[in-house]
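Enquirer: Submitted below is the structure of interest, expressed as structure tokens.
The values are calculated or read from the model by the stated rules, or taken from the named source; none is laboratory data. Everything numeric in this text was worked out from a predicted model, so none of it was measured. No Cβ is skipped: glycine too gets one built from the backbone with ideal geometry, and neighbour counts run over all protein chains shown. Surface accessibility is based on the protein's heavy atoms, side chains included, excluding ligands, DNA and RNA. Shrake-Rupley method; radii C 1.70, N 1.55, O 1.52, S 1.80 Å.
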2 protein chains.
Amino acid sequence: VGLFTKSIKTMDDLFLHVLQDVYYAEKQIARALPGLIEKTTSRQLAAALKSLLDAGETAASRLEQAFDLVSEKPKGTSCPAIDGILKEARGIAGDIGDKQVLDAALLAALQAVDHYRIARYGTLVAWARELRRTAVGRLLSANLAANKAADRDLSAVAGRKADRKAAAR
Amino acid sequence: VGLFTKSIKTMDDLFLHVLQDVYYAEKQIARALPGLIEKTTSRQLAAALKSLLDAGETAASRLEQAFDLVSEKPKGTSCPAIDGILKEARGIAGDIGDKQVLDAALLAALQAVDHYRIARYGTLVAWARELRRTAVGRLLSANLAANKAADRDLSAVAGRKADRKAAAR
């Protein structure tokens, strides 16, 4: 949620504001992911990142439909939360030499990205219900479900890596 | 995860780094919550925030035990992610006049805070398993479970509010 919220007076305003917040987040994530994909040498992790990138495109297009349904132009609003999360992800990606340690750090950063989206879409789904915006709610529920699935995929990649390394000790 | 990660060479280094990251996050959250509790006029939300504050203290003390188990002094490391999330929470809290809209925004901000912790503790639990640090893993699992429970509580508060408002329309 951005900082310039003086104009938020109603739940409709707040809903639109957070819709813009998560739209901005999707765009920033889409810009950051290719640089992170380049860093990893794990094919499994690269594939997971690539599918996150594709899922993000679908999510952004669903958000554009949601804007349309509330008769607004798709627009982002600055969001320090996702900026901070991606700043950390880029910092980590640039600073770790060891490939396996880097992959673990990338995975962790992506899980934080994903949980941010889960929190935001979860909130928007509840608000859409409150505002009786059923069609918009359906689009946001689809984004929520996609992010929960992505989080499970990332956890599975992380879990397999952890098991392999624990077994190798 | 902070930005000064040049010294991260092994999984043990990365584990310690993220432990310091989430310790910093707990401390910052504990500093931010009282100001947010003041803003709300909902007793239900104030109670949820107060129990988050208590849970945070317990979580911080478990982290201190975890530092002890890995023979390190409890120390935070700068974390732009939680800084961004809390900056948004404070911005929203200061900028919305309507009480019900403010409460909805506060709830949303807290769910984002909580999901950040869920992501971090989830990561640390997996790494503790990989590093065969069973006792540390148990402490972190307890923090993970507490945050998942807190998220369910916040979702329940948000859901009840949403239902009430949808019914009132």
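Enquirer: Can A:ALA30 be described as surrounded by fewer than 17 Cβ atoms within 10 Å (Cβ to Cβ), over 13 Å from the mean Cα position of the chain (by Cα) and closer than 20 Å to A:ALA149 by Cα?
Expert: no
Enquirer: Take A:ARG138 and decide whether it is under 25 Å from B:ARG152 (Cα atoms) and away from chain B (no Cβ under 14 Å).
Expert: So A:ARG138 passes the test.
Enquirer: Looking at segment B:99-158 only, could you name the residues that are polar (S, T, N, Q) and touching a Gly at 6+ places or on another chain (Cβ under 8 Å)?
Expert: Within segment B:99-158, B:GLN111, B:SER155 meet the criteria.
Enquirer: What number of residues within segment B:20-65 satisfy the criterion of being of a type in the set (S, T, N, Q) and over 26 Å from B:THR123 (Cβ atoms)?
Expert: 4
Enquirer: Taking the stated definitions as given, is B:SER51 surrounded by fewer than 20 Cβ atoms within 10 Å (Cβ to Cβ), assigned to a helix (DSSP H, G or I), away from chain A (no Cβ under 11 Å) and modelled with pLDDT under 90?
Expert: yes
Enquirer: Moving on to the next point. Tell me, which residue of segment B:54-63 that is without any contact (Cβ under 8 Å) to a residue 40 or more places away in the chain and surrounded by 15 or more Cβ atoms within 10 Å (Cβ to Cβ) is nearest to B:ASP103 (Cα to Cα)?
Expert: B:GLY56
Enquirer: Still on this structure: If I filter segment A:61-83 for residues that are under 22 Å from A:LYS39 (Cα atoms) and either of a type in the set (S, T, N, Q) or facing another protein chain (nearest Cβ under 7 Å) (or both), do I get at least one hit?
Expert: Yes, the conditions are met somewhere in segment A:61-83.
Enquirer: Can you tell me which residue within segment B:142-159, out of those that are touching a helix residue (DSSP H, G or I) at 6+ places or on another chain (Cβ under 8 Å) and closer than 20 Å to B:VAL101 by Cα, is farthest from the other protein chains (Cβ to nearest Cβ)?
Expert: B:ASP153
Enquirer: Among the residues of segment B:108-131, is there at least one that is farther than 16 Å from B:ALA25 by Cβ and either more than 11 Å from chain A (Cβ to nearest Cβ) or not in a helix (DSSP H, G or I) (or both)?
Expert: Checked segment B:108-131: at least one residue is farther than 16 Å from B:ALA25 by Cβ and either more than 11 Å from chain A (Cβ to nearest Cβ) or not in a helix (DSSP H, G or I) (or both).
Enquirer: Output the residues belonging to segment B:65-93 that are without any contact (Cβ under 8 Å) to a residue 24 or more places away in the chain and open to solvent by 30 Å² or more (accessible area, probe 1.4 Å).
Expert: B:ASP68, B:SER71, B:LYS73, B:LYS87
Enquirer: Which residues, taken from segment A:37-53, are in contact (Cβ under 8 Å) with a residue 12 or more places away in the chain and of a type in the set (Gly, Ala, Ser)?
Expert: Scanning segment A:37-53 gives A:SER42, A:ALA48, A:SER51.
Enquirer: If you don't mind, there's one more thing I want to ask. When B:SER141 is evaluated against the numbered criteria (1) open to solvent by less than 20 Å² (accessible area, probe 1.4 Å); (2) over 30 Å from B:THR41 (Cβ atoms); (3) among the small types (Gly, Ala, Ser), which criterion, by number, is the only one it fails?
Expert: Of everything listed in (1) open to solvent by less than 20 Å² (accessible area, probe 1.4 Å); (2) over 30 Å from B:THR41 (Cβ atoms); (3) among the small types (Gly, Ala, Ser), B:SER141 misses just condition (1).
Enquirer: Would you point out which residue out of B:GLU26, B:GLU72, B:GLU64 is among the acidic types (Asp, Glu) and touching a Lys or Arg at 6+ places or on another chain (Cβ under 9 Å)?
Expert: When all the criteria are applied, what remains is B:GLU26.
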